[in-house]
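Okay, so here's the structure we're looking at.
The values are calculated or read from the model by the stated rules, or taken from the named source; none is laboratory data. Everything numeric in this text was worked out from a predicted model, so none of it was measured. Note that we place each Cβ from the backbone using ideal geometry, even for glycine, and neighbour counts take in every protein chain shown.
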Amino acid sequence: MLSKGDLSSIGSLPTPATLPLVIALCAAWCDTCTEFRATFERIADARPGMVFVWLDIEDDSEICGEIDIENFPTLAIYRGTRLLHYGVSLPQEGTVARLIDEIAERSEADAAAPQAVHDLPRSLLAAAAK
């Protein structure tokens, strides 16, 4: 799992345009997010063929941009830069793992979300290049 300090490795990933990318949008002050982080790390460790990124919407605001999160944790799931899912998730390991596995297999049209969420993978790549 990557966090802001690990982003330089994103550019070296194989076929980043087709790789499933799962981003957890959280906040340090959110107790639910703090509890969810270990769960998210376990899910990431069990899926080495996917990229998992943990972003704090305040500490990582230069990457998150104008994304307005209404509830935590919020997940954004992409195939490369194509948004497949965006929404609040119950912080339960089995539920989140099934959601990620199911969504990562899809190839349907982009999910509805604010433009800043659609732009997030490009923002991650730009931050990694710095």
>> On the basis of being in a loop (DSSP other than H, G, I, E, B), of a type outside the set (Phe, Trp, Tyr) and either under 16 Å from Cys26 (Cα atoms) or without any contact (Cβ under 8 Å) to a residue 24 or more places away in the chain (or both), does Glu58 make the cut?
In response: yes
>> Against the condition touching a helix residue (DSSP H, G or I) at 6+ places or on another chain (Cβ under 9 Å), at pLDDT 90 or above, assigned to a helix (DSSP H, G or I) and surrounded by 14 or more Cβ atoms within 10 Å (Cβ to Cβ), how does Phe52 come out, does it pass?
In response: no
>> out of contact with any helix residue (DSSP H, G or I) (no Cβ under 9 Å at 6 or more places or on another chain) and either in contact (Cβ under 8 Å) with a residue 40 or more places away in the chain or hydroxyl-bearing (Ser, Thr, Tyr) (or both): is that true of Asp68 in this structure?
In response: no
> Can you tell me how many residues in the stretch 104-118 are surrounded by fewer than 19 Cβ atoms within 10 Å (Cβ to Cβ) and modelled with pLDDT of 85 or more?
Replying inline: 4
> Here is a list of conditions, (1) part of a loop (DSSP other than H, G, I, E, B); (2) touching a residue at least 24 places away in the same chain (Cβ under 8 Å), and Leu90 meets all of them except one; can you say which number that is?
Replying inline: (2)
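I'm trying to understand the selection: among the residues of the stretch 64-77, which are closer than 14 Å to Gln115 by Cα and either crowded, with 21+ Cβ neighbours inside 10 Å or in contact with a His (Cβ under 6 Å, 6 or more places away or on another chain) (or both)?
Cys64, Ile67, Ala76
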>> Name the residue that is surrounded by the fewest Cβ atoms within 10 Å (Cβ to Cβ), counting only residues in the stretch 78-103 that are of a type in the set (Ser, Thr, Tyr), modelled with pLDDT of 85 or more and in contact with a Pro (Cβ under 9 Å, 6 or more places away or on another chain).
In response: Ser89
> In the stretch 26-55, which residue that is touching a residue at least 24 places away in the same chain (Cβ under 8 Å) and among the acidic types (Asp, Glu) is nearest to Ala127 (Cα to Cα)?
Replying inline: Glu41
